[in-house]
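Okay, so here's the structure we're looking at.
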Amino acid sequence: MDSKPVDATQIMPPAGMEPHDFSVLGLFMQADIVVKVIMIGLLVWSIWSLAIMFEKWVRLRTLNARAEKFEDAFWSGGSLDALYERVAKKVRDPMVATFVAGMREWKLANERSPRNNSDVPMRGNLQQRVDRVMAVTIAREMAQVERYMNVLATAGSTATFVGLAGTVYGIMSSFTSIAAAQNTNLAVVAPGIAEALLSTLLGLVVAIPAVMAYNKFASDIGRYAERLDGFSAEFSAILSRHLEDKG
């Protein structure tokens, strides 16, 4: 069966019209100024998101390695006072900060009223203060660990729509130009639409990695927070046994 011949005027640019560059850089350079601004914003957003991802990856690896090292020292059977004197000079991670905060409250209470530790109400108040101090320390330290996670969440949920806004504006501009030129030739329509669609592509490039990274790091941070809570509970139990022994 013979196919219908294609009209060359539908695929070839009119005489005198310069061919368009359909590379990514070429499409960007030929795009409308508003679309360019949106694409530049998405590119900056993507670089910022990648920097946050790298920082979270490095930080969580470092924090877990330091936590393992500190837990080995904590459960080695050595003196907690000696461990406190050693690590209190340079607090570098949340687990050490939690331990130092609890031990500092414990030591201050013993220094101020060493004779009252045998009193049951005093022991209960001291235990509550130590637990409260450690809980506050964990909350403060975790706020630093979770810093900038909202940027990844925002990028994952809105970058696609920002890119789509650029696409809609670009297509509207293209159709306006087509109407003004009264020319529906494919060579006239295609460049403007391609330039506009590049905005949506950049939005997806920002959003997809941000969503995946946010889910991973949120899970990792949650496990690390549980690790701190578990350590805090175990340390509190050790201090409680010391109080009972003194009583």
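Annotation note: of Ala155, Ala190, the sole residue that is modelled with pLDDT of 70 or more and assigned to a helix (DSSP H, G or I) is Ala155. Residues that are assigned to a helix (DSSP H, G or I), of a type in the set (Val, Ile, Thr) and over 25 Å from Leu50 (Cβ atoms) do occur in the stretch 233-242. What helices (runs of 4 or more DSSP H) lie completely within the stretch 23-112 and have 1 or more residues being over 30 Å from Ile193 (Cβ atoms), of a type outside the set (Phe, Trp, Tyr) and touching a helix residue (DSSP H, G or I) at 6+ places or on another chain (Cβ under 6 Å)? Once the helices (runs of 4 or more DSSP H) in the stretch 23-112 are filtered for at least 1 residues that are over 30 Å from Ile193 (Cβ atoms), of a type outside the set (Phe, Trp, Tyr) and touching a helix residue (DSSP H, G or I) at 6+ places or on another chain (Cβ under 6 Å), what remains is 33-74, 80-87, 94-112. Quick check on the stretch 35-64: of everything there that is aliphatic (A, V, I, L, M) and either buried (at least 18 other Cβ atoms within 10 Å of the Cβ) or touching a Gly at 6+ places or on another chain (Cβ under 9 Å) (or both), which residue is farthest from Val205 (Cα to Cα)? In this case the residue turns out to be Leu63.
The residue of the stretch 202-243 that is nearest to Lys56 (Cα to Cα), among those that are more than 13 Å from the chain's Cα centre (by Cα) and of a type in the set (Lys, Arg), is Arg223. Within the span defined as the stretch 79-87, every residue fails to be under 31 Å from the mean Cα position of the chain (by Cα), among the β-branched types (Val, Ile, Thr) and modelled with pLDDT of 95 or more.
Which of the residues spanning the stretch 113-149 are part of a helix (DSSP H, G or I), among the small types (Gly, Ala, Ser) and modelled with pLDDT under 80? Answer for the stretch 113-149, where residues must be part of a helix (DSSP H, G or I), among the small types (Gly, Ala, Ser) and modelled with pLDDT under 80: Ser118, Gly124.
The values are calculated or read from the model by the stated rules, or taken from the named source; none is laboratory data. Keep in mind the model is a prediction, meaning the values are calculated, not measured. Don't worry about glycine lacking a Cβ; one is built from the backbone with ideal geometry, like all the others, and counts go over all protein chains shown.
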